[in-house]
Amino acid sequence: MPVPALPLPDGTTIPQLGYGVFLVENEIAADVTDRALAAGYRHVDTATRYDNEEGVGRALRNAAVPREDLFVTTKLWNDAHAHDDAIAACEASLDRLGLDQVDLYLVHWAAPSQGRYVEAWRALIEIRERGLARSIGVANYPLPQLEEAIDATGVAPAVHQIELHPYFQQRELREFHARHGIVTESWGPLGQGKSDLLENPAITDVAAAHDASPAQVVLAWHLAHGLVTIPKSVTPSRIVENLAAAELTLTAEELAAIDDLDRPDGRGGADPATR
Ligand code: NDP
């Protein structure tokens with residue numbers, strides 16, 4: 001089954017399951033991205049901060065896949081330099097990727113203490129107007145900063161990329177997104193290997209029932225909830241395994257059992273409110 005494409009509020013679409021490359025060194029980025037594209041992924045999520053746009057770009061250029069079939073995301077890092085000239089930062093990313101336009105450009109973190117999250121969002125609106133990005137969004141904006149950015153510009157992000165997995169389900173933000181037509185994208189969808197999520201019996205029992213892997217069950221849960229997700233792996237067999245989660249359909253009871261895993265202390269990464 002091919003990966004579904006979800007509509008974005010700006011009239012474009014996004015492949016619901018993509019390939020993330022956080023912590024992938026530039027030296028191997030071309031090789032693993034190439035593997036992912038050969039396996040059938042058409043959506044790649046990188047960032048200036050990952051220092052691997054050049055390697056990812058090499059794989060994109062060498063791929064036997066037409067540009068219009070690829071969906072490439074990168075992100076504006078939240079240092080003062082990048083925020084002072086977001087257009088130059090985006091152009092530098094495009095240069096490293098070897099692209100004229102990214103499909104999605106995100107502000108990487110709101111970083112409320114720097115007080116530049118509205119400015120950064122305004123700059124992305126201009127980046128889209130200039131045609132450097134087809135769609136724009138944000139990542140890691142706490143609810144008050146997200147509301148402020150929308151109120152100040154009158155423009156809602158097409159996508160909000162946030163930490164989201166069964167131990168940390170972000171219900172409040174997801175409800176806000178649903179009201180504003182924002183598509184939720186889960187980062188760290190497998191829990192980043194920081195918890196026992198993939199060993200939790202609520203997951204492994206479902207995996208056994210479907211002859212699937214725990215990671216596939218977790219990814220199928222994201223897809224069933226209408227979330228876009230971008231699991232990372234540098235392991236060839238897992239690259240293939242994760243994509244095949246698009247073929248797995250969970251029952252309402254199985255989804256409900258995983259919904260019950262949400263925990264108030266389930267966050268594994270940095271808190272966007274204080275980072
Ligand atoms: P993930 O939840 O995707 O977990 C990645 C870890 O899980 C790796 O250690 C990987 O190991 C392992 N893994 C992958 N597949 C399997 C599998 N089938 N079975 C068991 N273990 C598996 O975490 P990420 O942090 O990488 O998040 C995904 C993507 O989200 C990132 O790559 C990045 O693109 C994006 N992201 C965005 C952030 C933001 O601030 N906007 C922050 C963090 C991530 P191995 O590679 O060794 O196979």
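The values are calculated or read from the model by the stated rules, or taken from the named source; none is laboratory data. Keep in mind the model is a prediction, meaning the values are calculated, not measured. All Cβ positions, even for glycine, are placed from backbone atoms using ideal geometry, and neighbour counts span all protein chains on display. Accessible surface areas use protein heavy atoms only, side chains included; no ligands, DNA or RNA. Shrake-Rupley method; radii C 1.70, N 1.55, O 1.52, S 1.80 Å.
With respect to Ser113, is the statement that it is of a type in the set (Ser, Thr, Tyr) and more than 16 Å from the ligand (Cβ to nearest atom) true? It would help to see each step written out before you state the result.
Details: of a type in the set (Ser, Thr, Tyr): yes; more than 16 Å from the ligand (Cβ to nearest atom): yes.
Yes.
Is it the case, given these coordinates, that Val206 is farther than 30 Å from Leu146 by Cα and open to solvent by 40 Å² or more (accessible area, probe 1.4 Å)? Steps first, please.
On the way: farther than 30 Å from Leu146 by Cα: yes; open to solvent by 40 Å² or more (accessible area, probe 1.4 Å): no.
Against the criterion (farther than 30 Å from Leu146 by Cα and open to solvent by 40 Å² or more (accessible area, probe 1.4 Å)), Val206 does not qualify.
In this structure, does Ala30 turn out to be in contact with a Gly (Cβ under 6 Å, 6 or more places away or on another chain) and more than 12 Å from the ligand (Cβ to nearest atom)? Give the derivation first.
On the way: in contact with a Gly (Cβ under 6 Å, 6 or more places away or on another chain): yes; more than 12 Å from the ligand (Cβ to nearest atom): yes.
For Ala30, the condition - in contact with a Gly (Cβ under 6 Å, 6 or more places away or on another chain) and more than 12 Å from the ligand (Cβ to nearest atom) - is met.
When you scan the range 183-193, do you find a residue that is out of contact with any Ser or Thr (no Cβ under 9 Å at 6 or more places or on another chain), at pLDDT below 95 and farther than 30 Å from Ala156 by Cβ, even just one? Show your work before the answer.
Within the range 183-193, the subset out of contact with any Ser or Thr (no Cβ under 9 Å at 6 or more places or on another chain) is 183-184, 188, 191-193.
Now drop any that are not at pLDDT below 95, which leaves 193.
This time we only want the ones that are farther than 30 Å from Ala156 by Cβ, so: 193.
Yes, the range 183-193 contains a residue that is out of contact with any Ser or Thr (no Cβ under 9 Å at 6 or more places or on another chain), at pLDDT below 95 and farther than 30 Å from Ala156 by Cβ.
How many residues, within the range 214-255, are of a type outside the set (S, T, N, Q), open to solvent by less than 50 Å² (accessible area, probe 1.4 Å), assigned to a helix (DSSP H, G or I) and in contact (Cβ under 8 Å) with a residue 24 or more places away in the chain?
First, pick out the residues of the range 214-255 that are of a type outside the set (S, T, N, Q): 214-215, 217-228, 230-232, 234, 236, 238-241, 243-248, 250, 252-255.
From the residues that got through so far, the ones that are open to solvent by less than 50 Å² (accessible area, probe 1.4 Å) too are 214-215, 217-223, 226-228, 230-231, 239, 243-246, 248, 250, 254-255.
Now drop any that are not assigned to a helix (DSSP H, G or I), which leaves 214-215, 217-223, 239, 243-246, 254-255.
Checking the rest, the ones that are also in contact (Cβ under 8 Å) with a residue 24 or more places away in the chain come to 215, 217-223, 239, 243-246, 254-255.
Summing the residues that are of a type outside the set (S, T, N, Q), open to solvent by less than 50 Å² (accessible area, probe 1.4 Å), assigned to a helix (DSSP H, G or I) and in contact (Cβ under 8 Å) with a residue 24 or more places away in the chain in the range 214-255 gives 15.
Output the number of residues of the range 93-105 satisfying the condition of being touching an Asp or Glu at 6+ places or on another chain (Cβ under 9 Å) and surrounded by 24 or more Cβ atoms within 10 Å (Cβ to Cβ).
Matching residues across the range 93-105 total 2.
Within the range 1-95, which helices (runs of 4 or more DSSP H) (wholly inside it) include 1 or more residues that are at pLDDT 95 or above and among the basic types (Lys, Arg)?
Working: elements: 26-39, 53-62, 80-84.
The qualifying helices (runs of 4 or more DSSP H) are 26-39, 53-62.
Can you work out which of the residues in the range 156-196 that are under 21 Å from Gly18 (Cα atoms), surrounded by fewer than 16 Cβ atoms within 10 Å (Cβ to Cβ) and touching a residue at least 12 places away in the same chain (Cβ under 8 Å) is nearest to the ligand (Cβ to nearest atom)?
Per the criteria, the residue is Lys194.
Looking at Ala270, Ala224, Ala220 in this structure, which one is at pLDDT 95 or above, within 28 Å of Trp109 (Cα to Cα) and more than 16 Å from the ligand (Cβ to nearest atom)?
Details: Ala270 fails: more than 16 Å from the ligand (Cβ to nearest atom); Ala220 fails: more than 16 Å from the ligand (Cβ to nearest atom).
Every option except Ala224 fails the conditions.
Here's the yes/no breakdown for (1) open to solvent by 30 Å² or more (accessible area, probe 1.4 Å); (2) touching a Pro at 6+ places or on another chain (Cβ under 9 Å); (3) closer than 28 Å to Pro142 by Cα; (4) among the polar types (S, T, N, Q):
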residue	(1), (2), (3), (4)
Val3	yes, yes, no, no
Ile14	no, yes, yes, no
Gly20	no, yes, yes, no
Ala47	no, no, yes, no
Tyr50	yes, no, yes, no
Asp69	yes, no, no, no
Leu76	no, no, yes, no
His108	no, no, yes, no
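Quick one: how many residues across the range 256-275 are under 12 Å from Val217 (Cβ atoms) and open to solvent by 30 Å² or more (accessible area, probe 1.4 Å)? First the steps, then the outcome.
Narrowing the range 256-275 to residues under 12 Å from Val217 (Cβ atoms): 257-258, 261.
Still in the list and also open to solvent by 30 Å² or more (accessible area, probe 1.4 Å): 257.
Of the residues in that region, 1 qualify.
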